[in-house]
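In what follows, a structure is listed as structure tokens, so that the remarks can point back to it.
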Amino acid sequence: MRILIVEDDREAAAYLVKALKEAGHVAEQANDGDSGAHMVATGAYDVVVMDRMLPKRDGLSIVQEMRGRGDTTPVLVLSALGQVDDRVDGLRAGGDDYLAKPYAFTELLARVEALARRARPGEVETTYRVGDLLLDRLSHTVSRAGEDIPLQPREFRLLEYLMKNAGQVVTRTMLLENVWDYHFDPQTNVIDVHMSRLRSKIDKGQDRPLLHTVRGAGYMVRETPK
Amino acid sequence: MTGAPTREHFAGLRRLFRTTAVRLSAIYIAVFTVFSLALVVGVTHEAARVMDRQLAEAIDDDVETLTEDYRSGGIVRLLATLDERSRRPDAGLFHVVDPNGNPIAGNVAELPLQAVTEDDDEPHHLPYSRFEDGHETRHIALVRSFTLENGFHVLVGRDIGERERFRSVFRKAFRWIIVAMVVLAGLTWWFLARRVLKRIDQVSDASRRIVAGDLSGRLPISGSGDEFDRLAVALNDMLTKIGELMKGLKEVSDNIAHDLKTPLTRLRNRLEEALAGPEDAARYRGALEASIEESDGLIRTFDALLKIARVEAGSPTAAFEVLDLEAVAEDVAELFAPAAEEEGGSVEVVEDDRRHRIMGDRELIAQMLVNLVDNALKYGRHDDRAPDVRIWIEQTDRTASVIVYDDGPGIPVADRARVLDRFTRLEASRSTPGSGLGLALVAAIVRHHKGTIELGDADPGLRVTIRLPALEVVPDPD
């Protein structure tokens, strides 16, 4: 996946490029608003990571320009501001996700990958399948190996989001934002307890667990190879 | 020793003339003079008109009487009446000529003949001369002429010197009044402006002292309760508020210095220690992981501080929407319930058959409840289990109360106000993780929503009551 980092802090940008390459992606950097806008215009990237405050040009104006000419490349907006109204500004300008500085690299990687996946064309799926786990979005039912698993509404949404991003890391803040619609960090382990409850319903008594904890990052639904 | 006017004197005078009071006074005096002038001119003109009309009526009356006299007694009777009338103290002037223009009778020295021989419908002004104390003087009279049936012409009139005298007395008096008024007004304004300047100088001096750094200084209050006192009181209140804010700011920076420097020092020490010890990959890794954790904690503290600052700055209420308090509370309870149940406690919203709605920011209200429930779970612990936490919402009139209570140990009365401040961590909680900012953020959110927060006793346990302005109660749709 080709990723463009528009970030004026050269050290931070270089670190991101290096870390993204290690994660198996192709990453390039632009260090000011003008070159960022120029590189974005080539349309050669799958995801753009855009800092808000850039020399020469504001990051959000570049995103607005992209959307204005019909460029739907997913954009992750980075900002040192990080308050709720800044996030709303970022999303209103056409950003697809918003991350406040300072961030953990695992958080950024998880979000970039989720964005790239979301942008991939394809019909809206009504069922998600991971191994023998099946989730039907229309009838709100979940079954594993043909056996129904009753879930609470919130557990269903949790599993739905995890399965939508199957094979990719989902962080705790991503879960809070997408499942609970909370854009603040409660700074407790509450999510972990929800996950362990869900895990006990999905994986208990199964040979091959599907719900994995990724240490220091978050969670992932993935079929374990035989 | 006062010699010739010094430069200071002139400067003082210039300053005096620059004051608003003096400028306003100048405008006032000009306007007042114009109006007075108009008034006096109007009054004298009207008075003259009334006097003219009275004279004219008297003349018309004379004409009628004389005509009547002539009809009943002929020219002899008419002349007798004229003779009798001319002896009265308020006598007017009269003049009778025969058809050829020869004077028959009268008390006028010189008169244009034409004025007598031509009949008038109504009285008009006429200059004439008459003998007074042996010499001839010029006068103006209001006169009317008429012709008798035998061809004799009669002129009757009244001198209007009285009216003219009245006018000139009025004018003279008015001139003096204007002069006296201007002088008096000028003096009044001089003293007024000096008094104003003195007060302003006092205020300026006091504010210069305050600007120079003496924040405890206050503007002088004379005690008269005048507008300067009112202004000084308002400004003093402002200074007190600024002083409080400065004090708060100082406390915050002291707290930041302490609560951020402590973990920074810890972080530095840890890294230094790792560097100093034997080269061992596992040890390095351990130190690095601990450092990341420490810096994450720092970032969280920073975020919390920023968030409190943003909420307290009262950034626009654009994000306000109609909120169903029960719905927000149930979401929060649902978020925490599994974690609480895991440890033998519980988090529940006490059901009510009504819905309570407020205008608020969903994120902030949720954050408020999250912090309160999180605090209750953390600090309300029993030795062996988590507490039972309840959220109860009720409403009286337009005030909704959100009450979060637990059955834990509670907070001692003496510490209750303190825990709402930033970075307050009670001794009992020093061992548990936390930034000491949770309740400070709650308090900021409550203030942002124009509400109040009160810490009380749930007996046992802590009860936090938050009162918020609410919309009208609606029945539960379920």
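The values are calculated or read from the model by the stated rules, or taken from the named source; none is laboratory data. Note that this is a predicted model, so its numbers are computed, not measured. Cβ coordinates were reconstructed from backbone atoms using ideal geometry, including for glycine residues, and neighbour counts include every protein chain displayed. Heavy atoms of the whole protein, side chains included, go into the accessibility calculation; ligands, DNA and RNA do not. Shrake-Rupley method; radii C 1.70, N 1.55, O 1.52, S 1.80 Å.
Details
- For B:VAL419, the solvent-accessible surface with a 1.4 Å probe is about 10 Å², rounded to the nearest 10.
- Only helices enter this figure: runs of n ≥ 4 DSSP H residues, each worth -39500 (n - 2.57), summed and divided by the residues of chain B, yield -20000 deg cm²/dmol at 222 nm to the nearest 500.
- Remark: the protein assembly as shown carries 56 Å² of accessible area per residue (probe radius 1.4 Å; ligands, DNA and RNA excluded).
- Summed buried accessible surface, chains B and A, 1.4 Å probe, nearest 100 Å²: 2200 Å²
- Among the residues of B:335-341, the average count of other protein chain beta-carbon atoms within 10 Å of the residue beta-carbon is 6.
- Under 5 Å from the amide H of B:ARG355 lie the amide H atoms of B:VAL474, B:ASP476, each residue being 5 or more positions distant or on a separate chain, with H modelled from the backbone and absent for Pro and chain starts.
- Solvent-accessible area of B:LYS307 with every protein chain in place, 1.4 Å probe, in Å² to the nearest 10: 30 Å²
- Cβ-based net charge around B:TYR405, under 10 Å, with every Lys or Arg adding one and every Asp or Glu removing one: -3
- Region B:275-399 - charge dipole about Cα centre, Lys and Arg +1 at Cβ, Asp and Glu -1, debye rounded to 20: 500 debye
- At the residue level, B:PHE166 shows approximately 70 square angstrom of accessible surface with a 1.4 angstrom probe and all protein chains present.
- Angle between chain A longest axis and helix A:10-22 axis [Cα atoms, degrees, rounded to 10]: 40 degrees
- For region A:180-210, residues shielded by at least 50 square angstrom of accessible area compared with the chain on its own, probe 1.4 Å: A:TYR182, A:PHE184, A:GLN187, A:VAL190, A:VAL193, A:HIS194, A:ARG197
- For residues of A:100-106, the mean tally of beta carbons on other chains within 10 Å: 2
- Estimated translational D of chain B in µm²/s (Stokes, Kirkwood radius over Cα pairs; 10 °C; 1.306 mPa s): 47 µm²/s
- Our note on the geometry: Cα centres of region B:31-105 and region A:143-175, 119 Å apart.
- 11 Å beta-carbon shell around A:GLU155, net charge (K/R +1, D/E -1): +3
- Degrees, to the nearest 10: B:281-312 long Cα axis against longest axis of chain B: 20 degrees
- Solvent exposure ordering (accessible area, 1.4 Å, most first) of B:ILE104, B:ILE210: B:ILE104, B:ILE210
- Near the amide H of B:ASP388, within less than 5 Å, lie the amide hydrogens of B:SER346, B:ASP407, all on another chain or at least 5 residues away, with H placed in the peptide plane.
- 19 Å reach of a label modelled at B:PHE320, 7 Å along Cα-to-Cβ, counting backbone N of region B:339-378: B:356-369
- Cα-based helix-to-principal-axis angle, B:7-18 vs chain B, degrees rounded to 10: 90 degrees
- Lysines with Cα under 17 Å of B:LYS250, excluding same-chain neighbours fewer than 8 positions away: B:LYS241, B:LYS261
- Karplus 3J(HN,Hα) series, Hz, for region A:105-112 with 6.51 cos²θ - 1.76 cosθ + 1.60 (x for Gly, Pro): 4, 4, 5, 5, 4, 4, 6, 4
- When the helices of chain A are scored as -39500 (n - 2.57) per DSSP H run of n ≥ 4 and the total is divided over every residue, the value at 222 nm lands at -11500 deg cm²/dmol.
- R0 of 25 Å, Cβ-Cβ distance B:HIS124-B:SER36: FRET efficiency to nearest 0.05: 0.15
- What the phi angles of region A:45-56 give under the Karplus curve with 6.51, -1.76 and 1.60, with θ = phi - 60°, is a coupling list of 10, 8, 9, 10, 9, 10, 6, 6, 9, 10, x, 6 Hz, glycine and proline written as x.
- When the solvent-accessible area of the protein assembly as shown is split by element, carbon and sulfur atoms take up 55 percent of it, the probe being 1.4 Å.
- Remark: region B:455-462, residue by residue, has Karplus-estimated 3J(HN,Hα) of 9, x, 9, 8, 6, x, x, 9 Hz, where x stands for each Gly or Pro and the curve is 6.51 cos²θ - 1.76 cosθ + 1.60 at θ = phi - 60°.
- Residue ranking by accessible heavy-atom surface, 1.4 Å probe, largest first, among A:MET1, A:MET66 comes out as A:MET1, A:MET66.
- Selected from A:TYR98, B:VAL373, B:PHE170, residue furthest toward positive end of dipole (the protein assembly as shown; charges at beta carbon): A:TYR98
- Within the shell defined by Cβ-Cβ distances under 12 Å, the residues around A:MET53 carry a net charge of -3, with Lys and Arg each +1 and Asp and Glu each -1.
- Restricting region B:79-188 to trypsin sites (Lys or Arg not before Pro) in coil, as DSSP defines it, with at most 10 other Cβ within 10 Å: B:ARG87
- In this structure, the amide hydrogen of A:ARG57, modeled 1.01 Å from its nitrogen in the peptide plane, lies closer than 5 angstrom to those of A:GLY33, A:ASP34, counting only residues at least 5 positions away or on a different chain.
- Exceeding the 27 Å Cα-Cα cut-off - candidates B:LYS247/B:LYS450; A:LYS18/B:LYS307; A:LYS18/A:LYS56; A:LYS101/B:LYS247; A:LYS21/A:LYS204; B:LYS307/B:LYS378: A:LYS18/B:LYS307; A:LYS101/B:LYS247; A:LYS21/A:LYS204
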